[in-house]
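The structure appears right after this line, and notes come after that.
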Amino acid sequence: MPILKAYKARQLIANKRWMAPGYPGPDHGLCYVGKTMTGVGDAKKVIGEMCNAV
């Protein structure tokens with residue numbers, strides 16, 4: 001997996017299957033940064049719906 005410099009992005013999109021904490025326990029802080037949009041559900045379906053809405 002490549003290392004992304006997400007802090008440099010103007011806008012972020014994070015997709016989660018559910019809002020429960022991840023496998024290691026605590027949630028990833030990236031999902032709560034002000035410039036992050038979080039989609040919940042199947043990634044292919046959620047991102048497809050976002051693209052169709054635009």
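A few notes on this one:
- Total residues in the range 10-54, condition modelled with pLDDT of 75 or more and under 13 Å from the mean Cα position of the chain (by Cα): 21
- Count of residues meeting criterion [small (Gly, Ala, Ser), in contact with a strand residue (DSSP E or B) (Cβ under 8 Å, 6 or more places away or on another chain) and not in a helix (DSSP H, G or I)] in the range 33-51: 2
The values are calculated or read from the model by the stated rules, or taken from the named source; none is laboratory data. What you are looking at is a predicted structure, and each value in this text was computed from that prediction instead of being measured. Cβ coordinates were reconstructed from backbone atoms using ideal geometry, including for glycine residues, and neighbour counts include every protein chain displayed.
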